[in-house]
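Here the structure comes first, spelled out in structure tokens, and everything after it is commentary.
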Amino acid sequence: MYPVYVLVLVLGLRLGEALGLRWEDVDLEQAEMTIGWQLQRVAGKLLHRQTKTDASDATLPFPEIVTVALRARQRTRDTAREAAGDDWHETGLVFTTASGRPIELSNFRRSFAGACDKAAVRKVHVHATRKTCASLLVALDVHPRVAMQILRHSQISVTMNVYSEVSSEETRRALKKLGDHLDS
């Protein structure tokens, strides 16, 4: 599941968007993907649907770590498809079970919680990785409008007020910088 972890942490994808990503929406040569589909459980059925809002839809460029993770996923899929033979169910999805079926969101959440335990890090909900992504972008001094585009929020206030956090150390540095400036 490492490639999914990369997408939710590096690009801030929602879990349904990551698990609903189709190979036809990924361009590894141009290092970009189009987000427009998601997996959702509705009335007990797992559905592959378009994203809820126009703001959620976007073509995102991605860094090399994503390219490497998706190429590894391609190899895993090819091996699984060969092993499954006639039992393979072609869905066109990037992330599937060993038989090609969509991954259940609840199964992924359990897997993610297990990975947190194994890594001995604080257990967080998968959706909290969007907040992690936003906070990392803020810490790297990424312009708020760029962070808003990466996270595909329709309002900058959502990106800045809900999803991003500034560390205490950054606050100390900013106040020191202000104090130094006022002292001169």
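The values are calculated or read from the model by the stated rules, or taken from the named source; none is laboratory data. For clarity, every value in this text was computed on a predicted model and none was experimentally measured. Glycine gets a Cβ as well: all are built from the backbone with ideal geometry, and neighbour counts include every protein chain shown. For accessibility, only protein heavy atoms count, side chains too; no ligands or nucleic acids. Shrake-Rupley method; radii C 1.70, N 1.55, O 1.52, S 1.80 Å.
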If you count only protein heavy atoms with a 1.4 Å probe, what accessible area per residue comes out for the chain, rounded to a whole Å²? 60 Å²
The chain, dipole about Cα centre (Lys/Arg Cβ +1, Asp/Glu Cβ -1), debye to the nearest 20: 740 debye
Work out the charge dipole of the chain with +1 on the Cβ of Lys and Arg and -1 on the Cβ of Asp and Glu about the Cα centre, then indicate which of 135, 23, 60 is farthest towards its positive end. 135
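Probe radius 1.4 Å, ligands and nucleic acids ignored: give me the carbon and sulfur share of the accessible area of the chain as a rounded percent. Working shown, then result.
Numbers: 5930 of 11050 Å².
So the carbon and sulfur contribution to the accessible surface is 54 percent.
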Summed over the other residues with a beta carbon less than 14 angstrom from that of residue 23, with K and R at +1 and D and E at -1, the charge totals -1
Rounded to the nearest 10 degrees, the helix 168-183 long axis (Cα) sits at an angle to the longest Cα principal axis of the chain of 30 degrees
Which value, in Å² rounded to 10, gives the accessible area of residue 136 with a 1.4 Å probe and all protein chains present? 100 Å²
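So how much slack lies between residue 101 and residue 64, counting 0.36 nm per residue of separation and subtracting their Cα-Cα distance, in nm? Don't jump to the answer; show the numbers that get you there.
Working: separation 37, 0.36 × 37 = 13.32 nm, distance 2.72 nm.
Roughly 10.6 nm would be gained on extension.
Equivalent ellipsoid semi-axes for segment 1-159, as square roots of 5 times the alpha carbon gyration tensor eigenvalues: give them largest first, rounded to whole Å. Mind dumping the intermediate values first?
On the way: eigenvalues 130, 62, 54 Å².
Result for segment 1-159: semi-axes of 25, 18, 16 Å.
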If a paramagnetic tag sat 7 Å from the Cα of residue 22 along the Cα-Cβ line, which residues of segment 81-121 would have the backbone N under 19 Å from that point? 89-97, 100-104
Quote to one decimal, in nm, the extra length available between residue 127 and residue 156 on full extension: 0.36 nm per residue of separation minus the C-alpha distance between them. 8.6 nm
Please name which of 124, 35, 12 has its Cα lying farthest along the dipole of the chain towards the positive end, using unit charges on Cβ (Lys, Arg +1; Asp, Glu -1) and the Cα centre as origin. 124
Cα→Cβ-extended label distance, 7 Å offset, between residue 30 and residue 1, nm: 3.1 nm
Within the chain, what's the longest stretch lacking trypsin sites (Lys or Arg not before Pro) that sit in DSSP loops with no more than 16 other Cβ atoms inside 10 Å? 53-121
The size of the Cβ-based charge dipole (Lys, Arg +1; Asp, Glu -1) of segment 39-107 about the Cα centre, to the nearest 20 debye, is 180 debye
